[in-house]
Amino acid sequence: SKAEMGHTCRGTINLATANITVEDSCNFIISNGGAQTYHLKASSEVERQRWVTALELAKAKAVKMLEESDDSGDESVSQTDKTELQNTLRILSSKVEDLSTCNDLIAKHGTALQRSLSELEALRLPAESTDKIKQVNERATLFRITSNAMINVSPHPEDSIVGKAPTSMLSAVSPQACRDFMLLAQTHGKKWQKSLQQERDQRIRLEETLEQLAKQHNHLERAFRGATVLPAGTPGTGGSGKDLCCPAKGDLSDEDDDNNEFFDAPEIFPMPDVMGHKRTGSNISGTSSDISLDEQYKHQVEDTKKEKRTRIPYKPNYSLNLWSIMKNCIGKELSKIPMPVNFNEPLSMLQRLTEDLEYHELLDRAARCESSLEQLCYVAAFTVSSYSTTVFRTSKPFNPLLGETFELDRLEENGYRSLCEQVSHHPPAAAHHADSKNGWTLRQEIKITSKFRGKYLSIMPLGTIHCVFHSSGHHYTWKKVTTTVHNIIVGKLWIDQSGEIEIVNHKTGDKCILKFVPYSYFSRDVARKVTGEVMDPSGKVHFALLGTWDEKMDCYKVQVGTGDNGAEARPRAHEAEDSRVLLWKRNPLPKYAENMYYFSELALTLNAPESGTAPTDSRRRPDQRLMENGRWDEANAEKQRLEEKQRLSRKRREAEAARATEDGKAGLSDRDVAPQCPPQALTPLCPPGTPYDPYKPLWFERKKDPVTQELAHIYKGGYWESKEKQDWSLCPDIF
């Protein structure tokens with residue numbers, strides 16, 4: 001395009017600045033001063049001369065075009081911009097005239113003042129008065145020199161003596177200097193205006209190109225799908241409830257993983273091709289649209305301790321213009337962008353956080369270890385295992401409402417129970433606490449920050465994870481790495497994890513460094529690679545860890561000793577293989593997982609209705625339940641209602657806090673009524689200058705962590721006792 005003509009790419013030479021030299025009868029050289037040089041050879045001297053002549057003519061034309069471009073920089077400026085520029089120059093001219101008038105007045109009155117002072121000096125006055133008059137004369141001259149300097153006029157060196165500043169030069173040079181400034185501003189103003197217009201044009205072209213690419217991608221997908229042979233008699237609508245989980249014969253094939261469906265613009269999350277379960281506008285609500293959601297929930301409640309569900313309704317295919325939503329979101333915080341449920345999966349962030357416990361048996365084994373270094377190996381494997389479900393999970397979980405909770409009681413089956421609560425909404429933060437009768441406690445407070453950068457999405461979890469083993473008292477802490485979602489606009493979505501995790505045992509000083517290697521097209525390494533070293537407080541490595549975050553982690557014992565140069569000896573290949581221990585291996589996904597948001601066996605059970613849970617539990621969230629049942633239009637409407645209800649609740653709390661501050665109500669502490677975050681609360685979870693929301697979580701309280709000295713929400717107890725009594729009177733009405 002024309003906008004790209006001003007930019008060179010690698011391997012090109014700008015003719016306007018090129019040097020063309022003849023080497024001999026057939027060879028000549030073109031260079032741009034050293035960075036790029038071409039040695040060219042013609043078949044004869046005549047052909048060489050024809051080339052040199054043509055290139056010299058082209059160079060002259062390029063130089064002329066460059067000069068014309070510099071002189072006529074306002075050709076591409078719009079009429080509105082021209083008018084604005086002319087108005088600005090007219091104002092500048094007016095100001096120059098004002099400066100000239102002021103300059104003449106200063107010169108005139110300055111001369112008269114100096115003349116009067118000279119006359120006074122000539123009179124016969126006491127010596128004391130004469131000295132005073134001389135001082136006033138000197139100050140008047142200094143004032144005039146300062147005035148000259150103020151309007152960018154410097155007196156001539158021989159006139160800089162006090163009392164000899166030239167009056168005539170002031171009026172002549174000062175307006176000239178100001179006019180020079182105006183001409184300079186006029187010249188450069190045209191260039192700036194041209195650059196601004198080019199940037200505007202380039203931005204418009206970029207948006208049009210991206211939108212066109214998205215449409216072309218959509219047409220290609222449809223052309224491919226049109227060429228696919230469908231089985232005869234494929235139903236166009238969903239059948240019975242059983243059909244939602246069990247595909248008809250011929251509906252699925254082994255190639256379905258790569259058959260992602262796209263519409264007006266490519267969906268941000270892949271939609272597996274289940275032709276037998278497409279939904280039309282007429283049957284979105286399903287057959288039970290006349291039954292209230294509460295009745296459906298009660299109807300679906302089952303004794304999950306006896307039998308866990310292994311299927312959920314298949315993900316339907318809905319069209320959505322992705323580009324119309326995403327083009328205005330570049331650079332914004334994802335949690336503040338209103339997104340339809342089409343981009344979600346039917347789980348909340350609290351449930352995704354609970355999925356960290358899928359491989360809880362690693363912590364059970366770690367609790368039985370006598371060696372702190374071996375225990376650290378299992379903790380490291382548990383850390384890596386929490387990312388295994390993300391490899392295919394490109395959908396976004398629901399942002400929890402403030403005060404929303406999620407419990408997972410697996411005390412009888414697996415020996416642990418877990419509780420999550422959304423403790424802050426802006427910025428979004430969730431607190432998690434899990435206890436196991438097998439001898440460990442896990443707690444964390446995670447704040448998710450994310451940025452959409454056009455081609456990719458970066459998700460950065462902030463906060464510290466704690467794991468404490470009861471018998472030994474070993475206390476481990478670590479933080480999560482950055483997750484990146486690639487190919488947001490065009491192409492197939494894929495996820496990568498990158499960064500380092502440092503796991504520290506605060507009791508012994510042992511440490512493990514895990515490195516998540518980012519994917520590279522040019523690397524020969526295995527994809528999603530993770531390496532690690534387990535070392536004692538002195539820094540000596542005892543175990544090496546190797547694996548991938550989506551498949552498995554192995555552990556190798558490092559032989560204690562020294563090499564030839566005094567460094568620690570690494571195990572040889574056969575020694576390493578002999579000492580290899582498989583720490584963790586990913587469980588296979590359920591059958592037809594590609595049609596159920598790629599959920600693992602644990603994830604499929606998380607949103608199953610359960611009796612006795614708190615009224616704030618994620619399982620009771622209506623928009624999430626509607627989405628799981630395939631009623632996405634109703635889910636979008638319900639999502640808007642819940643978000644509006646949450647905004648009104650926040651405004652009401654802020655108004656009450658402000659009113660309490662003004663009225664000096666008793667019974668409220670300074671922290672409760674402060675309009676902004678108190679100084680001790682200025683952490684990443686409460687940035688300075690943000691309005692303080694006087695909301696207090698129900699099951700967690702904010703206090704300083706004794707180990708990390710960070711302010712964090714720590715479980716204060718009471719939830720499981722309330723569940724046993726079925727006393728939920730303290731729970732807010734958020735749904």
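The values are calculated or read from the model by the stated rules, or taken from the named source; none is laboratory data. Remember, it's a predicted structure, so these values are computed and weren't measured experimentally. All Cβ positions, even for glycine, are placed from backbone atoms using ideal geometry, and neighbour counts span all protein chains on display. Areas reflect the complete protein model, heavy atoms only, side chains present, ligands, DNA and RNA absent. Shrake-Rupley method; radii C 1.70, N 1.55, O 1.52, S 1.80 Å.
Residues in segment 706-735 that are in a loop (DSSP other than H, G, I, E, B) and basic (Lys, Arg): how many? Spell out the reasoning first.
Residues of segment 706-735 in a loop (DSSP other than H, G, I, E, B): 706-710, 716-718, 726-735.
Narrowing the set further to residues that are basic (Lys, Arg) leaves 716.
Count: 1.
When residues of segment 197-215 are filtered for being surrounded by 12 or more Cβ atoms within 10 Å (Cβ to Cβ), more than 22 Å from GLY491 (Cα to Cα) and free of Cβ contacts under 8 Å to residues at least 60 places away in the same chain, how many remain?
The total comes to 1.
I need the full set of residues from segment 466-489 which are part of a strand (DSSP E or B), free of Cβ contacts under 8 Å to residues at least 40 places away in the same chain and not polar (S, T, N, Q), in order please. Spell out how you get there, then give the answer.
To start, the set of residues in segment 466-489 that are part of a strand (DSSP E or B) comprises 466-469, 475-478, 482-486.
Those left that are additionally free of Cβ contacts under 8 Å to residues at least 40 places away in the same chain: 468, 482, 484, 486.
If the condition is that a residue be part of a strand (DSSP E or B), free of Cβ contacts under 8 Å to residues at least 40 places away in the same chain and not polar (S, T, N, Q), then VAL468, HIS486 are the ones that fit.
Out of segment 615-633, which residues are assigned to a helix (DSSP H, G or I), open to solvent by less than 60 Å² (accessible area, probe 1.4 Å) and farther than 19 Å from GLN422 by Cα?
Step one: list which residues in segment 615-633 are assigned to a helix (DSSP H, G or I), which gives 618-620, 622-628, 632-633.
Checking the rest, the ones that are also open to solvent by less than 60 Å² (accessible area, probe 1.4 Å) come to 618-619, 622-628, 632.
Those that are assigned to a helix (DSSP H, G or I), open to solvent by less than 60 Å² (accessible area, probe 1.4 Å) and farther than 19 Å from GLN422 by Cα: LEU626, MET627, GLU628, TRP632.
Is there any pair linking a residue in segment 376-397 that is in contact (Cβ under 8 Å) with a residue 12 or more places away in the chain and not assigned by the TED database to the domain that holds LEU546 to one that is among the β-branched types (Val, Ile, Thr) and assigned to a helix (DSSP H, G or I), with Cβ under 7 Å and at least six apart or on different chains, and which?
Pairs that qualify, where the first residue is in contact (Cβ under 8 Å) with a residue 12 or more places away in the chain and not assigned by the TED database to the domain that holds LEU546 and the partner is among the β-branched types (Val, Ile, Thr) and assigned to a helix (DSSP H, G or I): there are none.
Taking segment 130-147 only, how many residues are polar (S, T, N, Q) and exposed (fewer than 13 other Cβ atoms within 10 Å of the Cβ)? Working first, answer last.
Narrowing segment 130-147 to residues polar (S, T, N, Q): 130, 135, 137, 141, 146-147.
This time we only want the ones that are exposed (fewer than 13 other Cβ atoms within 10 Å of the Cβ), so: 135, 146.
Of the residues in segment 130-147, 2 are polar (S, T, N, Q) and exposed (fewer than 13 other Cβ atoms within 10 Å of the Cβ).
Residue by residue, here is whether (1) more than 30 Å from THR187 (Cβ to Cβ); (2) open to solvent by 90 Å² or more (accessible area, probe 1.4 Å); (3) charged (D, E, K, R); (4) modelled with pLDDT of 85 or more holds:
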| residue | (1), (2), (3), (4) |
| --- | --- |
| SER31 | yes, no, no, yes |
| TYR38 | yes, yes, no, yes |
| VAL46 | yes, yes, no, yes |
| ALA58 | no, no, no, yes |
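With β-branched (Val, Ile, Thr), within 23 Å of TRP549 (Cα to Cα), assigned by the TED database to the domain that holds TRP632 and touching a helix residue (DSSP H, G or I) at 6+ places or on another chain (Cβ under 7 Å) as the only criterion, which of ILE446, ILE459, ILE465 stands out? Before you say what the answer is, go through the steps one by one.
Numbers: ILE459 fails: touching a helix residue (DSSP H, G or I) at 6+ places or on another chain (Cβ under 7 Å); ILE465 fails: touching a helix residue (DSSP H, G or I) at 6+ places or on another chain (Cβ under 7 Å).
Of ILE446, ILE459, ILE465, the one residue that is β-branched (Val, Ile, Thr), within 23 Å of TRP549 (Cα to Cα), assigned by the TED database to the domain that holds TRP632 and touching a helix residue (DSSP H, G or I) at 6+ places or on another chain (Cβ under 7 Å) is ILE446.
Within segment 490-507, can you find the residues that are open to solvent by 50 Å² or more (accessible area, probe 1.4 Å) and not in a strand (DSSP E or B)?
We begin by selecting, within segment 490-507, every residue open to solvent by 50 Å² or more (accessible area, probe 1.4 Å); these are 490, 492, 494, 500, 502, 506-507.
Result: VAL490, LYS492, HIS506, LYS507.
Pairs needed: first member in segment 641-666, open to solvent by less than 100 Å² (accessible area, probe 1.4 Å); second member anywhere, assigned to a helix (DSSP H, G or I) and modelled with pLDDT under 85; C-beta distance under 6 Å; at least 6 residues apart or different chains.
ALA657/VAL673; ALA660/VAL673; THR661/VAL673
Which of the residues that make up segment 587-602 are outside any loop (DSSP other than H, G, I, E, B) and crowded, with 17+ Cβ neighbours inside 10 Å?
ALA593, GLU594, ASN595, LEU602
Check segment 574-586 and report whether any residue there is modelled with pLDDT under 90, farther than 23 Å from LEU362 by Cα and open to solvent by 30 Å² or more (accessible area, probe 1.4 Å). Can you show your working first?
Of the residues in segment 574-586, the ones modelled with pLDDT under 90 are 574-580.
Among the residues that remain, those that are also farther than 23 Å from LEU362 by Cα are: 574-575.
Checking the rest, the ones that are also open to solvent by 30 Å² or more (accessible area, probe 1.4 Å) come to 574-575.
Yes, the conditions are met somewhere in segment 574-586.
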